Amino acid sequence: MLELSILGFLTEQPLHGYELKERIKALSGHVRPVSDGALYPAITRLVTAGKLDQHTEPGTSAAPRRMLSLTDKGREDLLERLRHPKQAEITDHVRFNTLLAFLRHLPDRREQAAVLRRRLEFLRTPASFFYAEGKPVRAEETGDLFREGMLRVARATGRAERAWLEEALAQLDQPG
């Protein structure tokens, strides 16, 4: 997801490392903070692979800034990642939000819709944080105030997300 975030933000505009880190941090929040120890090696891998260009510009203070921009190869990689997200990027809420943040860069509405349909299909599959005898436990069946709360919030969130996905798919399925 880190590389997807890097490619996604740089498709919008060139950035220096600190700006990029701040945008990624804002997107993933406290749930999955990005460290320099993860970000800069990922940038180096993408530069080495020819997916990013970098050059140095004078900084606002004394230190020069390493500016990063997306190459054509990087743009193609981004589009491929958006067209064919891994299953974990569909099923994990934070990863899916990262995918969703950049899905507009995929130019084909049908391909955008295909990604949303995968998420909707996942959300329609009965699931729970807790199981009894192989079956999902419903909020009302837990006998535990706190687990009931977890499940009720998840159910409400899932309901809202499914409704939005259905609305978005209806828009994407319209001609033109």
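The values are calculated or read from the model by the stated rules, or taken from the named source; none is laboratory data. What you see is a predicted model, and the numbers here were worked out from it, not measured in a lab. Cβ atoms come from the backbone with ideal geometry, glycine included; neighbour counts cover every protein chain shown. All accessible areas refer to the heavy atoms of the entire protein, side chains included, with ligands and DNA or RNA removed. Shrake-Rupley method; radii C 1.70, N 1.55, O 1.52, S 1.80 Å.
Results, tabulated for the structure shown:
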read-out: Under-28-angstrom lysine pairs by C-alpha in the chain, whenever the two are 8 or more apart or on separate chains; value: 10
read-out: Cα-centred dipole magnitude for region 58-176, charges only on beta-carbon of K, R (+1) and D, E (-1), debye, nearest 20; value: 300
read-out: Net charge over other residues, Cβ less than 11 angstrom from the Cβ of residue 70 (K, R count +1; D, E count -1); value: -2
read-out: Mean separation of Cα contacts under 8 Å (6+ apart) over length of region 90-176, as relative contact order %; value: 31
read-out: Rg/Rg_ref, the chain, where Rg_ref = 2.2 N^0.38 Å and atoms are Cα; value: 1.25
read-out: Against the rule of thumb 2.2 N^0.38 Å, how large the Cα Rg of region 47-99 comes out; value: 1.57
read-out: Coil-residue GluC sites (Glu not before Pro) of region 145-176, DSSP, other Cβ within 10 Å capped at 16; value: none
read-out: For residue 163, net neighbour charge (Lys/Arg +1, Asp/Glu -1) across residues whose Cβ lies under 14 Å away; value: +2
read-out: Percentage relative contact order, the chain, counting C-alpha pairs under 8 Å, at least six apart; value: 18
read-out: Environment charge of residue 173, counting only residues whose C-beta is closer than 9 Å and scoring Lys/Arg +1, Asp/Glu -1; value: +2
read-out: Accessible area of region 35-176 divided out per residue, in Å², using a probe of 1.4 angstrom; value: 64
read-out: Reciprocal of mean inverse Cα separation for region 1-75 (Kirkwood radius, Å); value: 12.5
read-out: Residue among 113, 154, 42 with the largest mean-square fluctuation in a Gaussian network model of the chain, springs linking Cα atoms under 10 Å; value: 154
read-out: Rounded percent of accessible protein surface that carbon and sulfur make up, region 39-87, 1.4 Å probe; value: 53
read-out: Low-density loop positions, trypsin sites (Lys or Arg not before Pro), region 1-101 - DSSP coil, at most 14 other Cβ in 10 Å; value: 86
read-out: Longest segment of the chain lacking chymotrypsin sites (Phe, Trp or Tyr not before Pro) that sit in a DSSP loop with at most 15 other Cβ atoms within 10 Å; value: 1-128
read-out: Cβ charges +1 (Lys, Arg) and -1 (Asp, Glu), total dipole of region 1-133, debye; value: 240
read-out: Residue 171/residue 140 FRET efficiency (R0 41 Å; Cβ-Cβ; nearest 0.05); value: 0.75
